[in-house]
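Here is the structure we will look at.
Any read-out appearing in this document is the output of simple, stated calculations on the displayed coordinates, not a laboratory observation. The structure presented is a predicted model; accordingly, all values stated were derived computationally and were not measured. Glycine gets a Cβ as well: all are built from the backbone with ideal geometry, and neighbour counts include every protein chain shown.
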Amino acid sequence: MASQRLNIGAWPKLTRFLARLGADQRGNVAMMFGLSLPVLLMLVFGGIDINRVSTAKANLQDALDAATLAAARSPYTSDQTKELNAVGLTALKANLRATDGVSFNDSDISFTVDANQVVKGAAKIQVKTLVANIILPPYGKLLDDTLPVASSSDVQRSSKNIEVALVLDVTGSMNNGKIESLKSAANQLVDIVVQDVQTPYYTKMSLVPYSMGVNLGGYANNARGVPTATANVTNIAWSTGNIASISAVTKANPAVLTTTAAHGFVNGDRVAIWNASGMTQLNGVAFTVTNVNASARTFQLIGGNGAVIDSRNYSTFTGSASKPAYVAKCLRTDCKPKVTASNHGLLTRNGTVVFEGVQGMDYLNTRPLTVSEVNTNDFIVDVVGGQTYTRGGTTACGENGCAWRVFTSASGSLRALKNSDCVSERAGNQAYTDASPSSARLGFNYPADNLNNGLNPCLNAPLRPLSSDKPGLKSAINALTIGGSTAGHIGAAWGWYTVSPNFNSLWPSNGAGPYRDMNVLKSVILMTDGEFNTPYSNGVISSDAGTGSGSTPDHINQNAPNGSSTSQALKLCTAMKAQGITVYTVGFQVGTTGAAADLMKNCATSPDYAYLPTSSTDLSEAFKAIGRDITRLRITR
């Protein structure tokens, strides 16, 4: 009972104490601050952590976008995940290097390629926090020392079909290691632009090597037309009677000729001599016989001026039994040969002709010759006869469009050059358009090759139309050889033509997409190491060609109807840019000023698209930059 009374008595006292305690405000602030301090610290430093995490997430997104873009630019496919990851991971580390308080495991980073050629990047990082390091238990134990941050990025490999024309200078000036540097840079460009997987979008490249023209190979006839056909020679006649061997010719006035056997000539006969050694002035001239002495087997000759030949100033005759000279009576007073070639097609009476493969009268072969007295099946060649026709041979007209071109050179000589698989520029109203070659033919090209002792032959490397065959493109690049002058305007034109839908009839299996299609990106890369210098007139390098375009005897005595190679190139560049084609130019070691540099700047889509590398390293970087720009990779999230 006492205990119960005590408890009952104490209760009112306790109640009053608690009431006073509750009403007493002294020390409340300190107590409340002490109780709320941990929470306040968590809010303050937690806000810092939130900001750190937000910043880290933004940095991660930027770094992952760049890394995924790098992975997408690589050539690796879905079957090469290891290589793809290596490229992406390297780029991610490089871009996150300056970000403090971030860590990650390589296993938390991945890059993959899906069926639609979208490269997907995923990454998770750990961001160091502040709260857990400051707040004492038990609050700090509520959070870990780091917070996870994840991000993803999708990069679609080119969302357009890509068509690129690579126009490469392989002229003689690309020596001293420059061609090797070009091959290396071009191969890198192929790797960047041409993808291994060609669906859902294709990436194709054409290869247009050029020097004095562009070699079209098997496409030449459909582009410039089929050369006028040659005709088979069945007979060449110019002499009658016996052919006599000459045993001696005196150096006298008049000269006396002696034959080894009876010659059968009479005064007034017209004769021609060939194979005269030493006294070569006698060869290839029509003479009149005089002062015949049949028993002595001698006679004298009257020249074209009507006077008896005085040989005192001639070289000494050196004919012998082993190497005799010959003389024969002519069928015609002019001693010109009559050629029989059924339906030869030489339609002009004062036209030109070139023979090949003639046996017996082989001195006629590959020479520039004029003709007269043209009939359906025969004609007269304007040259003095010599030797005896035995068999074979063909004859070709010598006009532009024929298998051979006979022309008067800029130095005044008559020249004959053979047609090639190279082409020259198109003349006329369609000179600066990409009109179909069936409606406007390209020019024939008659180069000064080694057959004619020239130094500017048709280049060996043929054009390759658009293709996704990377090994084939690289093989063609690696096989390039140098030589010849610089018809850069022809290279520029054919770069355009390979990405033009108007030329698809030339190569239907390698045709280009339509113009101004949202799904097709067209580019032409025009590369040179010097000034353009080689324009043409009627298939032959013109007389007003620039320095370095070959020798004057190989130039026709006509100016280029289209103007200089440089002016033509500028007009072509303007025309292709008007069709929506992006033009990149690369002037390798051309300097920053001068005609070549100006051409590169003016030909390009804008000055930003013109590159003027000065070294092999610069050339490689220029091609890489162009390749990256062409691919136009687009980030999608």
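May I have the pair-distance distribution P(r) for the stretch 173-286, computed from all Cα-Cα distances with 10 Å bins from 0 and rounded to whole percent?
Reading the bins upward from 0: 8, 20, 14, 10, 12, 14, 11, 8, 3, 0.
Got a sec? How would V226, V197 order by Cβ neighbour count within 10 Å, fewest to most?
Ordered by Cβ neighbours within 10 Å, fewest first: V226, V197.
Find the Rg to Rh ratio for the stretch 286-394, where Rh is the Kirkwood radius over alpha-carbon pairs and Rg uses the same atoms.
1.03
Volume per residue, Å³, of the convex hull around the alpha-carbon atoms of the stretch 560-637?
For the stretch 560-637, the hull spanned by Cα atoms encloses 101 Å³ per residue.
When DSSP beta bridges are limited to those with both residues in the chain, what percentage is antiparallel, rounded to the nearest 5?
Just about 75 percent of them are antiparallel.
In the stretch 265-305, if every C-alpha pair distance is counted and binned at 10 Å from zero, what percent goes to each bin?
So the P(r) values, bin by bin, are 30, 52, 18.
Can you show me the helix-derived [θ] at 222 nm for the chain, built from DSSP H runs with n ≥ 4 at -39,500 (n - 2.57) apiece and divided by the number of residues, rounded to the nearest 500.
Rounded to the nearest 500, the figure is -8500 deg cm²/dmol.
Among A122, T617, M361, flag the residue with its Cα farthest along the positive direction of the charge dipole of the chain, charges on Cβ as +1 for Lys/Arg and -1 for Asp/Glu.
Value: A122.
List the chymotrypsin sites (Phe, Trp or Tyr not before Pro) within the stretch 511-575 that fall in a DSSP loop (any state other than H, G, I, E or B) and whose Cβ has at most 16 other Cβ atoms within 10 Å.
Sparse-neighbourhood loop chymotrypsin sites (Phe, Trp or Tyr not before Pro): Y515.
Viscosity 1.567 mPa s, temperature 4 °C: Stokes-Einstein D of the stretch 418-575 from its Kirkwood Cα radius, in µm² per second?
For the chosen part, D equals 78 µm²/s.
Quick one: Karplus J couplings for the stretch 159-172, per residue in order, coefficients 6.51, -1.76, 1.60, θ = phi - 60°, nearest Hz, x for Gly and Pro?
With the stated coefficients, the stretch 159-172 comes to 8, 9, 6, 10, 10, 10, 9, 9, 9, 10, 6, 10, 6, x Hz.
Sort out for me the Cα centre separation of the stretch 361-427 from the stretch 188-207, rounded to whole Å.
Going from one Cα centre to the other spans 47 Å.
Pull up all non-local amide H partners of T318: gap of 5 or more, or a different chain, and H-to-H distance under 5 Å with H placed in the peptide plane.
Distant-sequence amide H within range of T318: S277, G278, M279.
Size of the stretch 364-500 along its principal axes in angstrom, Cα-based, largest extent first?
57, 35, 32
Note down the net charge around R441, summing +1 for each Lys or Arg and -1 for each Asp or Glu among other residues with Cβ under 9 Å from its Cβ.
The answer is +2.
Quick one: compute the contact order of the stretch 353-451, relative version, from alpha carbon pairs under 8 angstrom and 6+ residues apart, as a percent.
23 percent
Let me spell out the model: positive unit charges on the Cβ of Lys and Arg, negative unit charges on the Cβ of Asp and Glu, origin at the Cα centre of the chain. What dipole size does that give, in debye rounded to 20?
1180 debye
So, counting K/R as plus one and D/E as minus one, what does the shell of residues with Cβ under 11 Å around I490 add up to?
0
Mind jotting down the three principal axis lengths of the stretch 160-210 based on Cα atoms? Whole angstrom, largest first.
Computed over the stretch 160-210, the largest-to-smallest principal extents equal 42, 17, 11 Å.
Read phi for every residue in the stretch 314-323 and hand back ³J(HN,Hα) as whole Hz from Karplus 6.51 cos²θ - 1.76 cosθ + 1.60, θ = phi - 60°, with x for Gly and Pro.
For the stretch 314-323, the Karplus-derived couplings read 7, 5, 6, 5, 10, x, 8, 4, 7, 9 Hz, x marking Gly and Pro.
Place a +1 charge on the Cβ of each Lys and Arg in the stretch 387-462 and a -1 charge on the Cβ of each Asp and Glu, then give the dipole magnitude about the Cα centre in debye, rounded to the nearest 20.
240 debye
Treat the count of other C-beta atoms within 10 Å as a stand-in for reagent exposure and order E531, E163 from fewest to most.
Listing E531, E163 from fewest to most nearby Cβ atoms yields E531, E163.
Quick one: Karplus J couplings for the stretch 122-129, per residue in order, coefficients 6.51, -1.76, 1.60, θ = phi - 60°, nearest Hz, x for Gly and Pro?
9, 8, 10, 10, 10, 9, 5, 9
Write down Rg/Rh for the stretch 496-637, rounded to two decimals, with Rg from the C-alpha atoms and Rh from the Kirkwood relation over Cα pairs.
Value, to two decimals: 1.03.
Cross-link partners among aspartates and glutamates for K124, C-alpha distance below 18 Å, same-chain residues fewer than 8 apart left out?
List returned: D49, D62, D65, D100, D106, D108, D144, D145, D154.
So, how do all the Cα-to-Cα distances of the stretch 300-344 break down into 10 Å bins, in percent, from 0 on up?
Bin by bin from 0 Å, the calculated values are 18, 33, 33, 12, 4.
Please list the radius of gyration and Dmax for the stretch 220-280, considering alpha-carbon atoms only, with Å as the unit.
20.7, 61
Against the empirical 2.2 N^0.38 Å scaling, what ratio does the C-alpha Rg of the chain come to?
1.71
On a 19 Å Cα-Cα criterion, which of the cross-link pairs K57/K82; K57/K128; K474/K624; K120/K470 come out too long?
In this structure, K57/K82; K120/K470 exceed 19 Å between Cα atoms.
Using the scaling law 2.2 N^0.38 Å as the reference, what is the normalised Cα Rg of the stretch 223-374?
1.21
To one decimal place, what Kirkwood hydrodynamic radius in Å is obtained for the stretch 401-466 from all pairs of distinct Cα atoms?
13.6 Å
Taking the Cβ of I192 as the center, what net charge do the other residues with Cβ under 9 Å away carry, scoring Lys and Arg +1 and Asp and Glu -1?
Around I192, the surrounding residues sum to +2.
Could you put C330, C603 in order, starting from the residue whose Cβ has the fewest other Cβ atoms within 10 Å?
C330, C603
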